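Since the structure comes first, as structure tokens, the remarks are kept for the end.
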Amino acid sequence: MTFDTSSVHAFQSHFDGDIILPESPEYESASTVFMAKGAPAIVVRPRTDVAVAESVKFAKEHTLVISVRSGGHSGAGHSTNDSGIIIDLMHLNKVEVIDTAKNTVRIEGGAHWGPTADQLQKLGLAISSGDTNTVGVGGLATAGGIGWMVRKYGLTIDSLVGATVVTASGEILQASKTTNPDLFWGIRGGGGNFGIVTSFEFEAHPIGEVYAGSIVYDFAERGEILKKWRDYMRTASEDLSTMIMPMPSMPAFGGQPAALVLLACYASDNQEEATKVIAALKDFGTVLSDDIQKKPYAEVLEDAHPPQGFQVLVNDALISDFSDELIDTIVKNDTQMLQIRSVGGAMNRVSKDATAFAHRASEALIIAPVFMSPAASQSEIDSALEPWRAIAKFGQGAYINFFNEWTSVESTAAYPPATFNKLVALKRQYDPENIFHRNYNIAPDSELR
Ligand SMILES: Cc1cc2nc3c(=O)[nH]c(=O)nc-3n(C[C@H](O)[C@H](O)[C@H](O)COP(=O)(O)OP(=O)(O)OC[C@H]3O[C@@H](n4cnc5c(N)ncnc54)[C@H](O)[C@@H]3O)c2cc1C
């Protein structure tokens, strides 16, 4: 869409924020996100809730497709588009304590988890988010948030106590267990379907230093080690969250030797207990190297870089029983890497209908990135995904945020019928015209299941 520049000028005259048009020097970086490059008609960077609401109204007036950008890490590239508008929340990145007694913190919707963790660390606090510094608070904290303290404190959304949301009508609403509780339910697992969250209120947790790092085992022992890992995690202290990654030798990683890598975070500074836990983890099999050490929690989060020269197809499955049969299937189908995260603990104790993230009774999340040449044909993609399909059969459901496709297959995996139907009802109420559809979309005209 091309603009009548006078409408942009009129908007700019009262808009509290930046406006970036294709001729602006920042246009290229403003329209490029982690997994995609777009060509939007306009990028706006509001500085206030009111400016976010004005951006939504401007988009509607000009019938522009809306992308909402927080950290820009959407696996599906939802936070950019062609010919539409990006509402980029980069200026809304404040982190502040609003109740010292309860450790309640307000974090704006465009903050990133790395700088957020750094600021909370100075206060002796932390929130279980994800594993990556540059992932945005907005995209992760509306979908679930499976991070380094998931077994101790649950999903990121389980620490959420309130939010400010700009809805499709341009209203600025509060959402919590007592104010607009239906909206509060929907923004905890329903992604960006119901509006733009300009700030989140979390109850943070007192955390200082933790024990974290990696252990690399002999890949040849992966079947036995995966069983020992499963058995150990079933009764391990909830202070411990781990992920274990069978990594065959792959061109995407420069053909490095195959390895089985365990990443661990023991979220406590109790040295005696940590020493026992680390010894138990090292006892799973032949250790080739290890570097678990005491560090501030904020240093556990790492930087990530988009893979160059590959397209990445990402899928995931939540597993209720990480059975021997599943482990054997993983071992037989290990042409690509897998990231297997321990979940459970506090995440399991939240009832399945308390939030829009329903698959609570899970003990593992398997994430399967498949690295393909950008020129791969559909039949090459289909055959590369075959091993994953064999593994995915063991899933009881899925987490929306590790999908780069969103068809009825993925939405059925993510949302059981009762959750899906409630999301559709909420979408009809808050966004009947589906203006927020660049997301894991719940269309208001969906057939109920
Ligand atoms: C390298 C990498 C590591 C990851 N690690 C983890 C992890 O450890 N744990 C985990 O749970 N997930 C993880 N993810 C998945 C991640 O949660 C999603 O990709 C998420 O959408 C990224 O959030 P973002 O704000 O960076 O994304 P963006 O691309 O900015 O936003 C994605 C979508 O989220 C919605 N959205 C964003 N901000 C808002 C807002 N303020 N209000 C309403 N809706 C909004 C919009 O629909 C938007 O299109 C990872 C992804 C990557 C690429």
Long-range amide H contacts for L240: which residues qualify at under 5 Å (H placed 1.01 Å from N, peptide plane, sequence gap of 5 or more or a different chain)?
A267
Label point distance in nm, H14-T335, each placed 7 Å from Cα along Cα→Cβ
5.9
Listed peptides 129-136, 16-23 by packing density, highest first (mean Cβ within 10 Å):
129-136, 16-23
Accessible area (Å², per residue) of region 209-410, counting only protein heavy atoms and a probe of 1.4 Å:
44
Beyond 15 Å, what share of the Cα-Cα pairs of region 137-241 remains, rounded to the nearest whole percent?
69
Which aspartates and glutamates have a Cα lying under 12 Å from the Cα of K57, excluding residues fewer than 8 positions away in the same chain?
E171
Which stretch or stretches of region 255-285 have amide N atoms under 12 Å from the point lying 7 Å from D218's Cα along the Cα→Cβ direction?
285
Let me spell out the model: positive unit charges on the Cβ of Lys and Arg, negative unit charges on the Cβ of Asp and Glu, origin at the Cα centre of the chain. What dipole size does that give, in debye rounded to 20?
740
Starting from the Cα gyration tensor of region 305-428, take the square roots of the eigenvalues, sort them a ≥ b ≥ c, and report rounded, prolate or oblate (rounded when a/c is under 1.5, otherwise prolate if a/b is larger than b/c, else oblate).
oblate
Nearest 500 deg cm²/dmol is fine: what mean residue ellipticity at 222 nm does the chain get from its DSSP H runs of n ≥ 4 alone, each adding -39,500 (n - 2.57), divided by its residue count?
-8000 deg cm²/dmol
Net charge (Lys, Arg +1; Asp, Glu -1) of residues whose beta-carbon lies under 10 Å from that of L263, L263 excluded, is -1
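Expressed as a whole percentage, what fraction of the accessible surface of region 68-170 belongs to carbon and sulfur atoms when a 1.4 Å probe is rolled over the protein heavy atoms?
49
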State the volume of the convex hull built on the alpha-carbon positions of region 209-410, expressed per residue in Å³ and rounded to an integer.
130
If the reach is capped at under 29 angstrom between alpha carbons, list the lysines near K352, excluding any in the same chain fewer than eight residues apart.
K102, K152, K177, K227, K228, K393, K422, K427
Could I have the simple spin-label model distance between K352 and S169, label points 7 Å from Cα toward Cβ, reported in nm to one decimal?
3.4
Would region 5-88 count as rounded, prolate or oblate if I go by the C-alpha gyration tensor, calling it rounded below 1.5 in a/c and otherwise prolate when a/b exceeds b/c, oblate otherwise?
prolate
If a/c stays under 1.5 just call it rounded; otherwise compare a/b with b/c (prolate if a/b is bigger, oblate if not). Do that for region 218-332, with a ≥ b ≥ c from the square roots of the Cα gyration tensor eigenvalues.
oblate
Going highest first, how would you order 307-313, 363-369 by mean Cβ packing within 10 Å?
363-369, 307-313
Paramagnetic reach from Q378 in region 304-344 [backbone N under 18 Å; point 7 Å along Cα→Cβ]:
313
Region 209-410, dipole about Cα centre (Lys/Arg Cβ +1, Asp/Glu Cβ -1), debye to the nearest 20:
260
Enumerate the calculated ³J(HN,Hα) couplings along region 119-134 in order (Karplus 6.51 cos²θ - 1.76 cosθ + 1.60, θ = phi - 60°), each rounded to whole Hz, writing x wherever the residue is Gly or Pro.
5, 5, 4, 4, 9, x, 10, 7, 10, 6, 10, x, 9, 10, 4, 8
Please give me the summed charge of the neighbours of L288: other residues whose Cβ is under 15 Å from its Cβ, Lys and Arg +1, Asp and Glu -1.
-3
For region 5-88, dividing by residue count, accessible area per residue (probe 1.4 Å) in Å² works out to 40
Highest average packing first - 146-156, 285-295, Cβ atoms within 10 Å:
146-156, 285-295
Could you go through region 304-318 in sequence order and give the Karplus-derived ³J(HN,Hα) for each residue, using 6.51 cos²θ - 1.76 cosθ + 1.60 with θ = phi - 60°, rounded to whole Hz, and x for Gly and Pro?
10, 10, x, x, 8, x, 10, 9, 10, 9, 10, 9, 8, 8, 8
How large is the accessible surface of M90 in square angstrom, using a 1.4 angstrom probe and rounding to the nearest 10?
80
Set the Förster distance to 30 Å, then compute FRET efficiency between T63 and K295 from the Cβ-Cβ distance, nearest 0.05.
0.05
For the chain, list log₁₀ I(q)/I(0) at each q in 0.09, 0.10, 0.12, 0.14 Å⁻¹, using the Debye formula over Cα point scatterers of equal strength and ignoring solvent, two decimals each.
-0.57, -0.71, -1.03, -1.38
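The values are calculated or read from the model by the stated rules, or taken from the named source; none is laboratory data. Note that this is a predicted model, so its numbers are computed, not measured. Reconstructed Cβ throughout: ideal geometry from the backbone, glycine too, with neighbour counts over all protein chains shown. Calculation scope for accessible area: heavy atoms of the full protein, side chains included, ligands and nucleic acids excluded. Shrake-Rupley method; radii C 1.70, N 1.55, O 1.52, S 1.80 Å.
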